[in-house]
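Everything below concerns the one structure shown next.
The values are calculated or read from the model by the stated rules, or taken from the named source; none is laboratory data. Because the structure is predicted, anything quoted here is derived from the model rather than measured. Every residue, glycine among them, receives a Cβ derived from its backbone with ideal geometry; neighbour counts consider all protein chains shown. When the accessible area is computed, the model is the full protein with side chains, heavy atoms only, and any ligands, DNA or RNA have been set aside. Shrake-Rupley method; radii C 1.70, N 1.55, O 1.52, S 1.80 Å.
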Amino acid sequence: QVQLVESGGGLVQPGGSLRLSCAASGSIFSTYAMGWYRQPPGKLREFVAAITSGASTSYADSVKGRFTISRDNAKNTVYLQMNNLKPEDTAVYYCNRRYGTAWKWGQGTQVTVSS
């Protein structure tokens, strides 16, 4: 079973930046498309961004042009660079495989955008 550990969240002012990391256990990481998801307070979990094993990327419309997903297969890690953060980006952020049955969800990392 793959284990996922997200980190890098915090409190940031509107317009600020954060870089999230997701470390995955297991040697099969590089073969999977990975995604970032978020769950705003009181809402359902939603898709944010994805990256394939070949490094093709896709984004939710709400973050396009502000967020960048990347991966380092040697480190079994996927990243989410978040720029020009807005209050509506406030959520717990998670990573998981993009397609197929989800692995066990990690604890997530809290991102709070507030002045």
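Of THR52, THR31, THR90, which has the largest mean-square fluctuation in a 10 Å C-alpha GNM of the chain? Looking only at THR52, THR31, THR90, the largest GNM fluctuation is found for THR31.
The lysines within cross-link reach of LYS75, meaning a Cα-to-Cα straight distance under 27 Å and a gap of 8 or more places when in the same chain, are LYS64, LYS104.
GNM remark for the chain: springs join alpha carbons under 10 Å apart, and the peak mean-square fluctuation among ASP89, ASP61, ASP72 falls on ASP61. Rolling a 1.4 Å probe over the heavy atoms of the protein chains gives the chain an accessible area of 51 Å² per residue. Contact order, relative form, for the chain: 38 percent (alpha carbon pairs under 8 Å, 6 or more residues apart, mean separation divided by residue count). One way to sum up the overall shape of region 48-115 is the equivalent ellipsoid from its Cα gyration tensor, whose semi-axes run 21, 15, 11 Å, largest first. For the pair region 48-85 / region 1-22, the C-alpha centres are spaced 12 Å from each other. For region 1-80, the fraction of 1.4 Å probe accessible surface lying on carbon and sulfur atoms is 50 percent. Put simply, the chain fits an ellipsoid with semi-axes of 23, 14, 13 Å; these come from the alpha carbon gyration tensor as the roots of five times its eigenvalues, largest first. For the chain, the Cβ-based charge dipole about the Cα centre amounts to some 120 debye (Lys, Arg positive; Asp, Glu negative; other atoms uncharged).
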